[in-house]
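Please read the structure below before turning to the comments.
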Amino acid sequence: MGIKKRWIVLFLSGILGAAVILYASDTRLIDLHIKAGKLDEALQMYEKMLNVQPENAFLHREVAEVFLLAERPAEARYHFEQASTFGLKSKAVLENLFRFYQQDENKNKMIGILDQLVKIEPENQNQRQQLAELYAWNGQPQPAIEHYRQLLDENPNNTDYLYRTGALYRSIKNYSDAIPYIEKYLAAIPADSKARILLGDLHLANGNKKQAAKIFEDILQTNSKNRIARQKLIQIYDWSNDAKKSLPHLQHFASHESKNRATMDRFLEVARQYEPLKTISYLENHLKSDPENSRLQQDLAELFLHVGNPHAALFHIKNQQSRNPADPEFYLEMGRLLRNMDEPLQAQSAYRFAFNLGDTSRSTIEYLLQSYQFHKQYKSLISLHQQMVELQISSPDYSRNRAAALFKTNQIKPAIAEFTEIINRDPTDVDARQNLVYALIADGQNERASEELWQGIRSHKIADENYLQSCIRFFLQENKYERSLHCYRLLAKNFPENSDYQLGFRNELIRNEKYAEALDQYKKWTEKHAETLDDKLQMAMLYWKLGDKKAMRAALPKDISSFSEQKKIMLFYFQSAMFDAAINSAKQIIKTTPADSAILRTIGLAYAWNNRPQMAIKIINKFHRDYRGDYESHYHLAEVYHATNKKNQAAQEFSTALNLLKTELRSKDTYLAKARILAGQGQLTASRSIYDQLLQNSPSDFYVQLDYIATMLTAQKLDDAEEILNSLRKIYPQNIQALQLQSVLYYKKGEIRKSLRVLASLEKEGALNSGQMLDMADLHATLGDWVQAKEKLEVALKIDPENEAARTRLFRLRRDNAQAIATEISQEQQSNRFERKIYSVICAFAKTSAGQFFFRGDQVNLQDNDSPGSAENYKQLALGVKSRLNDRLRMESALGITGSNSQQNLTATAVASWFYRTSDALALQLYYNITWRDLHYADILGGRQSGFKINGNFHPAHTWNVHASIGRFANKLLASDLAMGWLDQFNLQSDVYFNFLPGFLFSYNLYGYKYAGIPLSHEFAAYLQNETVHNLGARFSFSKERIFFDLGGSFGYRTNRADLSYYGDLNLEYMLLHNLRLRSQMSYGTERETIVDGYTYQFLLNLGYFY
């Protein structure tokens, strides 16, 4: 292995030695070719050598030098660069490359080459200077400064280096370092004014204005014609707020450069302030030498005006005008001067002359337009516009101005046409569109005005803030709530941090019943901003409207202590129609502030709207006694009086409300109030006219339609109310207020079940208050479903434990409907002969509107005192059912057995009632084998009757009820198996009560009895005689939460007997416990016909338990 390695080394060494010998021989040959001038042959040989040694730096240098000899600079440059690249950094190579880069002005490469040369020869001052200059030329002041400083280290007094270094420091805004170099330069060359200017600039830039000013002043001392120094001084004195010192320099310029207007204006500006009189003298002298100079005349006029001599100023202007009477420029100057002299009308005249002489400049036209408008000279304004049209001077601004002038001179139609033309040219012209709207409103075209505003937003995307605000105001006025919502949506989007716009947006969402979106917006707002009490209340209200009572309660603020916060909570309940909560809240507040008018008013109205008229009357009257009241409180008091049949008081309150309404500003709310009041006064035609006009202006106004429906319902115009309500509910099918009105409409039409279904749906949504629960209870009671009625009343009491109306209704409900179980004892006597005692047990169950079942058992003891031992005892058992089949039809039937000793009798009754109105009905009653009790003796003999009766009632007026009935009965005495013929009955009853006598009822009764087919042999024949009775009576009732008292009496006249009868009764009822009732009744006398001589008395005692 060792022998092989040696051979390889020897072989390579041989090759290398041969190459050296060949290279040496080749270069000698190349030199010979060069000396012989055979440069191409030399280059060919070099090319072959480079093919062998392409990275030989020396070879590249030699080739480059040959190319230079051959005057082929591009190739030479290439090979010099190659030589440098392959490591040859000789001075010759670098200098050749520098020359090439210098020719190309390649600054960066020149800097790079010089930097290498300086490092090779650091003592070479010329190269360093050249490098510094190159850096400065290339915009690199910092390295340039470093090289100049090195040069100055070697040659500290070189003025060129000093100047250049200072200038470079100035270029990098290092004024403090620049100053010493320039000062040293000036010490060597003090006469260099350029350097002095530079030094002054450096001090000025470095904040040393005084030193700078001194330098410039020194320059002027040696050379007063140095314009730059003088300008610098003017600037310094201006910046130093010492303009007075600049005055000599400005005057110098004004004297030597009088044709330079800017210079003269600046001189006059300063001179007017500091030496106006000297300046006037200066200008007057100047004017003597140039009397035709109108500009001097103008300058003098302005100066005279400045020193308080307007007449002298006007003199100079008139001199100008007299020399040039057809020149509008002088009239303009006169106009400007008169404006400064506060002579607007004379100035206006001068400007108009200028315009008539051909000055149609924008400034002249606009001044005249503004002046005519300010002085309300609209005819002159229109005349000017006509001239402008003739001169074909037009612009959108001028068109708007012309249209406005037409509008202000009450030329409405032309103004509308002009504004319309403007927005046809530019639909986005906000001012023109708004002015068009004003003109349309003045012309009574409100609907078109609304459409023009809306088109600007929808079709032309106008989003101007003021425009949107105007749209909102108009849309709200016209009840275009969807459009006002759109405008608020844009404002809220464009101004997300504007709290007013955000609040308006949320309120408009609520007005448009977009409760979920409004709630979402409140949540977004409170995430970024502090949550206020108002925010919490609004969010609670929205939860309530959305039916989420749990969230509503959670949203309501806790720990409310301040009076203002408590008041806000109370108003929240009131405005949200939560009248029970509003009443309870107001009661707490009024304990501490009993004289607060707002609280009194609110609690009174809450009672009125919560179906509690007596409390409403009491509190609202107190509010009116202590304070004047307002039209709304008087109107609602009138409604309460009207509902409680106090017509005179209602009429008085309606009149008061109408008078107060006249003092209010006209708005939709006041028009609606007037319509309601007129309806309450019976002026229905005038009321409907107001509603129709409001709906003509805004056909889709939801709230006007709701109000119209309510008024029509109150006025019993059910068809009209139904027509409006049906169209409204097509758009708002689930609106709570519309549904409540639907329930009222169903009730007034006698469709009780439909009314109940609507209220039940609202109850599920939590949208009913205790007053509306009373309405539901009344409806259930009307249907005979007193259990449901009782439950609704108990709910009302749970909401408001102090609701006396609910308690009274609950007591009356229990009193008027069958009890769960009761015992009763009754004793009665007619004259001294007949008497009867009855012991009863009564049980009622399954009380629903579909069926109310009851059971009754009686033990009856009968006695004829003229026949001792003739007493009869009967036992009676009966089972019955009552059912309300629908809103119009009610059925009642009973089946019973009556037994005496071994004799049993079957009895049956049936009653069918048809309610043609809610409180008025016609009824057919059928009887089979019922006990004949018109004569007690018939009872003893087992008297029975079978027959029918038809009765009905109606209300000719609210306080007047009429009842009539006719019937026919077949009579039979079972004990003697004797037919007693038949009886025809007739009854007419009329009841009247008066508002001024609460609790009193006055009545007239007419009774007719006609018997036929009676055996004359029977002793009854003496008693069963035809009779007609006229009866006049009075009754007083008093009811409280747990007690009922009723006292009545009458006088009768029997025409057949030609005698008088009298009758009296007393009823007492008391609730012993929550479910235990004690009832007693006592009567004496004869109310109808008398069969036997003497008077009847009766005593009844009833003790019942209720579930």
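Quote the FRET efficiency, to the nearest 0.05, computed for ARG888 versus LYS376 with a Förster distance R0 of 56 Å and r equal to the Cβ-Cβ distance. It would help to have the intermediate numbers written out before the result.
On the way: r = 72 Å, r/R0 = 1.29.
The computed FRET efficiency comes out at 0.20.
How do 1008-1021, 851-864 rank on mean C-beta neighbours within 10 Å, highest first?
Numbers: 1008-1021: 13.9, 851-864: 17.4.
The packing order, highest mean first, is 851-864, 1008-1021.
Give me the number: length gained by fully extending THR222 to PHE58, i.e. 0.36 nm times residue separation minus the C-alpha to C-alpha distance, one decimal in nm. Don't skip to the answer; put the middle values down first.
Values: separation 164, 0.36 × 164 = 59.04 nm, distance 6.37 nm.
Taking 0.36 nm per residue and subtracting the Cα distance, the gain is 52.7 nm.
Modelled label-to-label distance, ARG1042 and ALA957, 7 Å Cα→beta-carbon offset: nm?
Once both label points are built, they end up 4.0 nm from each other.
With just the Cα atoms defining each centre, how far is segment 348-369 from segment 405-443? Give it in Å.
25 Å
Tell me the trypsin sites (Lys or Arg not before Pro) within segment 126-177 that lie in a loop according to DSSP and have at most 10 other beta-carbon atoms within 10 Å.
Details: sites: ARG128, ARG149, ARG164, ARG170, LYS173; in loops: LYS173.
The qualifying sites are LYS173.
Could you put HIS780, HIS375, HIS249, HIS963 in order, starting from the residue whose Cβ has the fewest other Cβ atoms within 10 Å?
Going from least to most buried by this count: HIS375, HIS963, HIS249, HIS780.
Can you give the helix-only mean residue ellipticity at 222 nm for the chain, where every DSSP H stretch with n ≥ 4 adds -39500 (n - 2.57) and the sum goes over all residues, rounded to the nearest 500 deg cm²/dmol?
Numbers: 48 runs with 651 residues, N = 1107.
Helix-only estimate at 222 nm: -19000 deg cm²/dmol.
If we sort 683-695, 699-711 on the protection proxy, mean other Cβ atoms within 10 Å, highest first, what's the order?
Descending mean neighbour count gives 699-711, 683-695.
Can you list the lysines whose alpha carbon sits under 24 Å from that of LYS413, skipping same-chain ones fewer than 8 residues off?
Partners within reach: LYS376, LYS379.
Using 27 Å as the Cα-Cα cut-off, could you pick out the over-long pairs in LYS646/LYS674; LYS536/LYS587; LYS674/LYS1040?
Numbers: LYS646/LYS674 21 Å; LYS536/LYS587 22 Å; LYS674/LYS1040 37 Å.
Over 27 Å apart, Cα to Cα: LYS674/LYS1040.
What distance in nm separates the two pseudo spin-label positions at ALA551 and ASN108, each 7 Å out from Cα along the beta-carbon direction?
6.6 nm
Take the Cα gyration tensor of segment 709-792, multiply each eigenvalue by 5, square-root it, and list the three semi-axes largest first, rounded to whole angstrom. Let's see the in-between values first.
Values: eigenvalues 98, 44, 19 Å².
Listed largest to smallest, the semi-axes of segment 709-792 are 22, 15, 10 Å.
If one computes the Cα centroid of segment 893-960 and of segment 1006-1024, what distance in Å separates the two points?
For segment 893-960 versus segment 1006-1024, the Cα centre distance is 20 Å.
Taking each pair of distinct Cα atoms in segment 685-734 once, what is the resulting Kirkwood hydrodynamic radius in Å? Intermediate values should be presented prior to the final figure.
Values: mean 1/r = 0.0915 Å⁻¹.
Over segment 685-734, the inverse of the mean reciprocal pair distance is 10.9 Å.
When only DSSP loop residues count, what chymotrypsin sites (Phe, Trp or Tyr not before Pro) in segment 52-112 have their Cβ near at most 16 other Cβ atoms within 10 Å? Intermediate results must be reported in sequence, preceding the final value.
On the way: sites: PHE58, PHE67, TYR78, PHE80, PHE86, PHE98, PHE100, TYR101; in loops: PHE86.
Filter output for segment 52-112: PHE86.
Looking at segment 850-952, what % of the alpha carbon pairs are farther apart than 17 Å?
When every Cα pair of segment 850-952 is considered, 60 percent fall beyond 17 Å.
So if R0 is 60 Å, what FRET efficiency would ASN124 and TRP239 give, r being the distance between their Cβ atoms, rounded to the nearest 0.05? List each step's numbers first, then the result.
On the way: r = 47 Å, r/R0 = 0.78.
According to the calculation, E is roughly 0.80.
Once both labels are modelled 7 Å past Cα along the beta-carbon direction, what's the PHE1002-LEU695 spacing in nm?
4.2 nm
State the extension gain, in nm to one decimal, for the chain segment bounded by ALA975 and LYS618, taking 0.36 nm per residue of separation less the distance between their alpha-carbons.
Working: separation 357, 0.36 × 357 = 128.52 nm, distance 6.36 nm.
The ALA975-LYS618 span can extend by a further 122.2 nm.
Please sort by residue number the chymotrypsin sites (Phe, Trp or Tyr not before Pro) in segment 461-511 whose DSSP state is loop and whose Cβ has at most 11 other Cβ atoms within 10 Å. Kindly include the intermediate steps, with their values, before the conclusion.
Numbers: sites: TYR467, PHE474, PHE475, TYR481, TYR488, TYR501, PHE505; in loops: none.
Within segment 461-511, no chymotrypsin sites (Phe, Trp or Tyr not before Pro) qualify (loop, at most 11 other Cβ atoms within 10 Å).
Would you work out the relative contact order for the chain, in percent, from Cα pairs under 8 angstrom that are 6 or more residues apart? Before the final figure, lay out each step's value.
Working: 1673 pairs, mean separation 35.5, N = 1107.
The normalised contact order for the chain reaches 3 percent.
For segment 102-193, would you read off the P(r) tail past 23 Å as a percentage of all alpha carbon pairs?
Details: 1086 of 4186 pairs.
Distances greater than 23 Å cover 26 percent of the Cα pairs.
Take every Cα-Cα pair in the chain and report what % of them are more than 56 Å apart.
Here the tail beyond 56 Å accounts for 58 percent of pairs.
Using only C-alpha atoms and all pairs of different ones, pull out the Kirkwood radius for segment 827-1105 in Å with one decimal. The partial results should precede the final answer.
Numbers: mean 1/r = 0.0481 Å⁻¹.
Averaging 1/r across every pair of different Cα atoms and inverting gives 20.8 Å.
Report the one residue of ASN611, LEU1060, GLY629 whose Cα lies farthest in the direction of the positive end of the charge dipole of the chain (charges on C-beta: Lys and Arg +1, Asp and Glu -1; origin at the Cα centre).
LEU1060
Name the residue from PHE1099, GLY444, GLN693 whose Cα lies farthest towards the positive end of the charge dipole of the chain, charges +1 on Cβ of Lys and Arg and -1 on Cβ of Asp and Glu.
PHE1099
How high is the relative contact order of segment 378-427, in percent, counting Cα pairs under 8 Å that sit 6 or more residues apart?
Working: 32 pairs, mean separation 17.3, N = 50.
This gives 35 percent for segment 378-427.
So if R0 is 25 Å, what FRET efficiency would GLU765 and GLU482 give, r being the distance between their Cβ atoms, rounded to the nearest 0.05?
Details: r = 24 Å, r/R0 = 0.96.
That pair, GLU765 with GLU482, gives E of 0.55.
Can you put CYS843, CYS487 in order, fewest other beta carbons within 10 Å first? Kindly include the intermediate steps, with their values, before the conclusion.
On the way: CYS843 14, CYS487 28.
The most exposed by this proxy come first: CYS843, CYS487.
Residues with beta-carbon under 11 Å from that of PHE954, excluding PHE954: net charge, scoring Lys, Arg +1 and Asp, Glu -1? Spell out each step's value before the answer.
Values: positive: ARG917; negative: ASP920.
For residues surrounding PHE954, the net value is 0.
Only the coordinates and a few stated rules stand behind these numbers; no lab work does. Note that this is a predicted model, so its numbers are computed, not measured. No Cβ is skipped: glycine too gets one built from the backbone with ideal geometry, and neighbour counts run over all protein chains shown.
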